[in-house]
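Peer 1: Questions regarding the structure given below will be posed in turn.
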Amino acid sequence: MNKKQDFRIEIEYCTQCNWMIRASWVTQEILNSFENDIQEISLIPSSGGIFEIRINEEVVWSLRSNKKFPQPKEIKQIVRDRVDPERSLGHGDRH
C-alpha cells in the first residue's frame, strides 16, 4: 500500500443552488482515481453560487472563472498534474 501524500482537496459548493450532489459526484470521481494518493478530501457547504475545487488551498477549478463545471477528464487531469504528473490516466488522457 502506498503512503498517502500530503494532498488535501476541498470542494466548496453552494447549498442554495443544490450543488451537493455535483460536489459528491466530483469527490467520487477523484477518489476512484486517487484514493491512495491523497490524504484528505472534504466537502464544504457554502452559499453565493460558489463551486470551487482546491488542492492544498490553491484554487484549481472555479465555476466563476471557468464559466462551467468540470468534466471528469478535466478534474482528473488537474488532480493528476499535482499529485502524480507521471501517471497515465489511460484512454481519458488523450488530448
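The values are calculated or read from the model by the stated rules, or taken from the named source; none is laboratory data. Quick caveat: nothing in here was measured; it's all calculated off a predicted structure. Reconstructed Cβ throughout: ideal geometry from the backbone, glycine too, with neighbour counts over all protein chains shown.
Peer 1: Where in segment 1-69 are there strands (runs of 3 or more DSSP E), lying wholly inside it, with at least 2 residues that are touching a strand residue (DSSP E or B) at 6+ places or on another chain (Cβ under 6 Å) and loosely packed, with under 11 Cβ neighbours inside 10 Å?
Peer 2: none
Peer 1: Which residues, taken from segment 70-95, are among the aliphatic types (A, V, I, L, M) and in a helix (DSSP H, G or I)?
Peer 2: ILE75, ILE78, VAL79, VAL83
Peer 1: What are the residues in segment 51-67 that are within 14 Å of CYS17 (Cβ to Cβ) and under 14 Å from the mean Cα position of the chain (by Cα), if any?
Peer 2: Within segment 51-67, PHE51, GLU52, LEU63 qualify.
Peer 1: If the requirement is being of a type outside the set (Phe, Trp, Tyr) and modelled with pLDDT of 95 or more, which of these qualifies: GLU29, GLU74, GLU86, GLU52?
Peer 2: On the way: GLU29 fails: modelled with pLDDT of 95 or more; GLU74 fails: modelled with pLDDT of 95 or more; GLU86 fails: modelled with pLDDT of 95 or more.
From the options GLU29, GLU74, GLU86, GLU52, the qualifying one is GLU52.
Peer 1: Report whether or not GLN39 is of a type in the set (S, T, N, Q), within 14 Å of the chain's Cα centre (by Cα) and under 18 Å from GLN5 (Cα atoms).
Peer 2: yes
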